[in-house]
Ligand code: S3P
């Protein structure tokens with residue numbers, strides 16, 4: 001089984017993804033880390049040296065490569081379902097789970113996070129909330145194509161994700 005976790009930056013794809021993968025006894029792959037290893041550059045370096053479009057192309061390539069893997073939980077980049085036909089690729093190849101905490105929760109986590117995220121660098125919490133809400137207006141169309149949607153959970157229980165996946169079949 002292949003599971004794609006999707007959702008905005010800070011929604012907890014990596015944290016929850018690792019726990020789900022452990023419980024299921026399969027591997028977890030973080031798409032951003034995969035892109036960094038394949039391209040020998042960090043995500044911020046790709047953005048600043050080559051621009052966002054180049055990053056999105058690398059992201060699409062990574063998605064296609066990772067979609068050939070079996071039995072894996074993939075923590076996707078926050079923008080990945082919203083470019084090209086990526087969300088359709090994910091839906092065709094596995095189970096998609098959209099994790100959707102409230103914008104306030106996303107902003108608090110992103111403020112505390114040590115990960116450098118070029119799209120939101122230097123924003124205050126209040127600016128972040130507004131930025132997230134604007135971005136979600138566009139991204140929601142793609143995110144909501146997920147087969148499973150989990151809203152408003154602050155401390156998401158990995159078992160809940162597994163139960164919802166089991167209910168699908
Ligand atoms: C992005 C999200 C990031 C990373 C890049 C762009 C986005 O991933 O792919 O900085 O467009 O939302 P995370 O969601 O893992 O932070």
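No lab work stands behind these numbers, since they all come straight from the coordinates. Fair warning: this is a prediction, and the values are worked out from it, not measured in the lab. All Cβ positions, glycine included, derive from the backbone under ideal geometry; neighbour counts span all protein chains shown.
Quick notes
- Total residues in the stretch 75-96, condition under 15 Å from residue 169 (Cα atoms) and either within 15 Å of the ligand (Cβ to nearest atom) or touching a helix residue (DSSP H, G or I) at 6+ places or on another chain (Cβ under 7 Å) (or both): 2
- Condition check for residue 59: within 14 Å of the ligand (Cβ to nearest atom), buried (at least 18 other Cβ atoms within 10 Å of the Cβ) and either assigned to a loop (DSSP other than H, G, I, E, B) or free of Cβ contacts under 8 Å to residues at least 24 places away in the same chain (or both): no
- Among residues of the stretch 1-25, those that are surrounded by fewer than 18 Cβ atoms within 10 Å (Cβ to Cβ) and away from the ligand (no atom under 12 Å from the Cβ), counted: 5
- Reported count of residues in the stretch 26-41, each being more than 26 Å from residue 1 (Cβ to Cβ) and surrounded by 15 or more Cβ atoms within 10 Å (Cβ to Cβ), is 2.
- Checking residue 99 against (1) under 20 Å from residue 31 (Cα atoms); (2) in contact with a strand residue (DSSP E or B) (Cβ under 6 Å, 6 or more places away or on another chain); (3) more than 11 Å from the ligand (Cβ to nearest atom); (4) not in a helix (DSSP H, G or I), the condition it does not meet: (3)
- Residues of the stretch 92-130 satisfying the condition of being within 18 Å of residue 59 (Cβ to Cβ), over 14 Å from the mean Cα position of the chain (by Cα) and in contact (Cβ under 8 Å) with a residue 40 or more places away in the chain: 93, 94, 116, 118, 119, 120
- Residues located in the stretch 147-169, provided they are assigned to a helix (DSSP H, G or I) and either without any contact (Cβ under 8 Å) to a residue 40 or more places away in the chain or farther than 14 Å from residue 100 by Cβ (or both): 158, 159, 160, 162, 163, 165, 166, 167, 168
- Test for residue 70: is it part of a loop (DSSP other than H, G, I, E, B) and either more than 9 Å from the ligand (Cβ to nearest atom) or in contact with a helix residue (DSSP H, G or I) (Cβ under 6 Å, 6 or more places away or on another chain) (or both): yes
- Residue in the stretch 26-44 that is near the ligand (Cβ under 10 Å from one of its atoms), assigned to a helix (DSSP H, G or I) and within 11 Å of the chain's Cα centre (by Cα) present: yes
- Residue check, residue 51 on the phi > 0 side of the Ramachandran plot and near the ligand (Cβ under 10 Å from one of its atoms): no
- Residue list for the stretch 131-146, restricted to those being surrounded by fewer than 16 Cβ atoms within 10 Å (Cβ to Cβ) and outside any helix (DSSP H, G or I): 144
- Residue pairs meeting the criteria (Cβ under 6 Å; at least 6 apart or on separate chains; first free of Cβ contacts under 8 Å to residues at least 40 places away in the same chain and under 19 Å from residue 9 (Cβ atoms), in the stretch 19-46; second within 14 Å of the ligand (Cβ to nearest atom) and assigned to a loop (DSSP other than H, G, I, E, B)): 36/42
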